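**Q** I'd like to ask you about the structure that follows.
Please treat every number below as a calculation from the coordinates, not as lab data. Every value quoted in this text rests on a predicted model; they were computed, and no experiment measured them. Here the Cβ is made from the backbone with ideal geometry for all residues, glycine too, and neighbour counts use every protein chain on show.
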Amino acid sequence: DKMTVEISGLNYVDKIYDGKAIEPTGTLQVSDDMVPVNELEVRYAGTGNTNYDSTEAPKDAGTYKVTYKVADDNGYYTGQKEYTFTISPKTVTTDMIGTIDAQEYNGSEIKPEPGVKDGEELTHGRDFEFGYQNNIDAGENTATLTITGKGNYTGTASREFTITPKDIKGAVIELE
């Protein structure tokens, strides 16, 4: 029969996505130091809709469970401890949206795609989607670009842009 040891000393605090792996606070301990902590097996698994299974700590938004466990091949001891935690998506903000130069009226929807950054360039389709309003007719600060977060990002943020009138210089006028 194996003796059951207690694994303790860590605390996982929920956090907001920042691109870094979640790190626990505290110091991992095994009761009476019967098993060296560096011999414990560590496994991270996604829970609910989060698909993840690794020995590496997760970085992406989702809900996870981490298990610290005495290896099955240890002939004297057994024991395990589970922690659950959540990495919440980060809210998108207007300052993540790059500047949008004035656009010239062309009679059709104008859909500029400025860079979107959160320290590094975000990816359209993976991190956010573009949306537009009032983006056909000329007018100062009347057109709006909105980004909607997805994946590791959530919420919406908008930036207005100007559609300038088309210059008719060089236009040809034909009379009947």
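**Q** In the range 52-170, if the dipole is taken from +1 on Lys/Arg beta carbons and -1 on Asp/Glu beta carbons about the Cα centre, which of Tyr64, Leu145, Gly75 is farthest to the positive end?
**A** Projecting each Cα onto the dipole axis, the largest value belongs to Gly75.
**Q** Give, in whole angstrom and from largest to smallest, the semi-axes √(5λ) of the equivalent ellipsoid of the range 9-96, with λ running over the eigenvalues of the Cα gyration tensor. It would help to have the intermediate numbers written out before the result.
**A** Values: eigenvalues 183, 36, 17 Å².
Semi-axis lengths for the range 9-96 are 30, 13, 9 Å.
**Q** Once phi is turned into ³J(HN,Hα) by the Karplus curve 6.51 cos²θ - 1.76 cosθ + 1.60 with θ = phi - 60°, what whole-Hz value does each residue of the range 67-74 show in order, with x for glycine and proline?
**A** Each residue of the range 67-74 in turn: 10, 9, 9, 5, 4, 4, 7, 6 Hz.
**Q** Let me ask something additional. For the range 150-176 and the range 27-98, what is the separation of their Cα centres, given in Å?
**A** What the calculation gives is 48 Å, centre to centre.
**Q** Spelling out what I want: for every residue of the range 31-44, take phi, set θ = phi - 60°, compute 6.51 cos²θ - 1.76 cosθ + 1.60 (Karplus), and round to whole Hz; glycine and proline get x.
**A** Karplus-based 3J(HN,Hα) across the range 31-44 equals 3, 6, 6, 5, 10, x, 4, 6, 9, 6, 7, 10, 9, 9 Hz.
**Q** Which pairs, out of Lys15/Lys111; Lys69/Lys150; Lys65/Lys150; Lys81/Lys117, put more than 29 Å between their alpha-carbon atoms?
**A** Working: Lys15/Lys111 34 Å; Lys69/Lys150 34 Å; Lys65/Lys150 22 Å; Lys81/Lys117 38 Å.
Pairs exceeding the cut-off: Lys15/Lys111; Lys69/Lys150; Lys81/Lys117.
**Q** Using a simple charge model, +1 on the beta-carbon of Lys and Arg, -1 on the beta-carbon of Asp and Glu, nothing else, what dipole does the chain show about its Cα centre, in debye to the nearest 20? Before the final figure, lay out the partial values.
**A** Numbers: 16 positive and 31 negative charges, 58 e Å.
In debye, rounded to 20, the chain gives about 280.
**Q** Next question, about the same structure. Whole number please: convex hull volume per residue, Cα atoms of the range 48-176, in Å³. Present the calculation step by step, with values, prior to reporting the outcome.
**A** Numbers: hull volume 19.6 nm³, N = 129.
With only Cα atoms used, the range 48-176 gives 152 Å³ per residue.
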